[in-house]
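The values are calculated or read from the model by the stated rules, or taken from the named source; none is laboratory data. Quick caveat: nothing in here was measured; it's all calculated off a predicted structure. Backbone-built Cβ (ideal geometry, glycine too); neighbour counts: all protein chains shown. When the accessible area is computed, the model is the full protein with side chains, heavy atoms only, and any ligands, DNA or RNA have been set aside. Shrake-Rupley method; radii C 1.70, N 1.55, O 1.52, S 1.80 Å.
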Amino acid sequence: MVPSWLWLLCISVPQVTLETQDRRVLWGPQPVLVRVKDENDQVPHFSQAIYRAQLSRGTRPGIPFLFLEASDQDEPGTANSDLRFRILSQAPAQPFPDMFQLEPRQGALALSPKGSTSLDHALEKTYQLLVQVKDMGDQASGHQAIATVEVSIIESTWVPLEPIHLAENLKVLYPHHIAQVHWSGVDVHYRLESHPLGPFDVDAEGNLYVTRELDTEAQAEYVLQVWAQNSRGEDYAAPLELHVLVMDENDNVPVCPPRGPAVSIPELSPPGTEVTRLSAEDADAPGSPNSHIVYQLLNPESEDGVEGRAFQVDSTSGSVTLGALPLQAGQNILLLVLAMDLAGAEGGFSSTCEVEVEVTDINDHAPEFTTSQIGPISLPEDVEPGTLVAMLTATDADLEPAFRLMDFAIERGDMDGTFDLDWEPDSGHVGLRLCKNLSYEAAPSHKVVVVVRSVAELVGPGPGPGATATVTVLVERVMPPPKLDQERYEASVPISAPAGSLLLTIQPSDPISRSLRFSLVNDSEGWLCIEKVSGEVHTAQSLQGTQPGDTYTVLVEAQDTDEPRLSTSVPLVIHFLKAPPAPALTPAPVPSRYLCTPRQDHGVIVSGPSKDSDLASGHGPYSFALGPNPTVQRDWRLQTLNGSHAYLTLALHWVEPREHIIPVVVSHNAQMWQLLVRVIVCRCNVEGQCMRKVGRMKGMPTKLSAVGILVGTLVAIGIFLILIFTHWTLSRKKDLNQPADSVPLKATV
């Protein structure tokens, strides 16, 4: 198949003769080789987006344990498909940020020299590498792709092997398994060498086999070397040596020591703590393979089902130690350890040894509160000291009663000793009590932090500080009810006082610090009203039905504006007086004013009696009110501007255009006068000017005259219609009464 960049074209060209200096070139139909230049238009791709690999501790530096694969669809052999690999980042970056190295051309990932020296001491279990593949070789430009490599650090299983004792002339099926090596990683191949050369082999799983019977006389001992290698034949680590001893036959069983009392082990004992050391005996010849005993831990029997990894046993010494799985207090475990002669080789004898282990409790649990936040709890500032504010409860997960004793203290939030704690020594309940009086002004709220600690010293990893619980207390302000400047109010008013007359003003005893809102209670007749803010008491209507000498009692209630639940009430007694004789005085001349109907936004200014008028007995202030006529109060509105003037406007949208006389009652210091205000109501143009003067205007029809004209017109039309109908009826009757011969004949054709 012809590559995409190479095309062979046959182009028909007319034959042409070209003459050069010393030769002629004939051109005719000739094949033309066209080379298409490859462009870097393909992006390299990893074979996987995420690579996962296992790395065993003890791996040699520079030995690849993973090979990254990437491809590029550009022309092979060109810079466009020349790929380079590199590591972009390593997470975590401990203990060194360059724990790994990546071969740029082959993509072989290996441990760096620095990483090899620090890997055995590193605590990290997993590393994540971000790797990049880029085309265009070492040039800065080019396309790139990114993949993730997850490297799991696992413990090395590449450990020395105990010598193997094999009986000569062993009658088993060959190849016979004698041991196993294991490299804890992937992409591993095993290689075995025997010194001297012997019948041994190793498979892909690391199993070592003897392929035929051994002969002590021919060779009594073999040294086997096993290598773990990657796919390129590079050694991950130094080879393991295995000594194979060819021994005589075995005829004695190992004997376990007698089972003793239970061994006590405190909980949270660190891994590696020795529990006991087994020493089984074998009656075979000392120093021979037949008496070489090794130990193997079987699954322990426990009521809690603890797995075998909670314990470990040294196969040579018989030392039983704790494993990585922590134990819990109160467990009773029966360990079964297998003692085998012949170093555990197949065909030997074995015995099962028993070890009982009891896990004892330690003070490794810090007490904790059942809840860390309590409140907010509201307390009035006048609450008595000694009051229980809150009850807190703490628990301890330890089993030993002595380890469950707790101590409580206030850690912060109570600098002045306002609160205190009380509890029983063997109880997990503690009460927070008040010791001093609260003050809203000094501290409107408290956040008391209570800490609990174990009385006995805590052991174990990271006991940390004591647990805390926060109690939030809100102090409620206690304020006295408002107080007025008098405990009883009295006022006198003439029975002829008009509505809106000022009687008195209710004031608080401390008007600066407190703001009050006033209201009246038991005003059954509705004669009075009070301003909510100023406390001014006025007459709400005319005092009809009252008699001089009568009294009228209501309650004035004052409510705190900031604290509506705080209020007080005092009686207000009204004494009705005889109405003073109204002076027969002519009202002061008030110039005529006009207002527009329909109503517009203007009115008439009404002034109180002038100083030179006989009506004026002082300098005011004056109270203004409309006269008691219901029609006037319906059609008009009077608004007090100040102590000497009021503003008169229309109350309705439409008022009949004419001259109106409005009575206005003026009062001052129990004296009253009546002013007659003359107002002309007229229709106005768009500029607000009166179109026609109204009042005593002739020819201007009223509603009654308009109705009369309409009725008269209808009557006239009715009479006219009656006359026409009567005339038509009489004429018709006369025609019917004529003789038949007097009726003219119809003409015929």
Sulfur and carbon atoms: percent of accessible area, the stretch 23-169 [1.4 Å]: 53 percent
FRET efficiency for Ser118 and Glu424, using Cβ-Cβ distance with R0 set to 60 Å, rounded to 0.05: 0.65
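R0 = 35 Å: FRET efficiency of Val253 with Val186, Cβ-based, nearest 0.05? Could you put the intermediate results ahead of the total?
On the way: r = 42 Å, r/R0 = 1.20.
The calculated FRET efficiency here is 0.25.
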Amide proton proximity set for Tyr236, modelled H, under 5 Å, gap of 5+: Ala228, Gln229, Asn230
Fraction of accessible area attributable to carbon and sulfur, the stretch 489-577 (%, probe 1.4 Å): 46 percent
Average accessible area per residue (Å²) across the stretch 364-464 - probe 1.4 Å, nucleic acids and ligands excluded: 57 Å²
Average accessible area per residue (Å²) across the stretch 164-247 - probe 1.4 Å, nucleic acids and ligands excluded: 47 Å²
Rg/Rg_globular for the stretch 164-247, with Rg_globular taken as 2.2 N^0.38 Å and Rg from C-alpha atoms: 1.12
Of all accessible heavy-atom area on the stretch 374-476, the percent that carbon and sulfur account for (1.4 Å): 54 percent
Cut-off under 5 Å, modelled amide H: who pairs with Leu166 long-range: Leu245, Val246, Met247
Gain upon complete extension [His602, Arg277; 0.36 nm per residue less C-alpha separation]: 105.4 nm
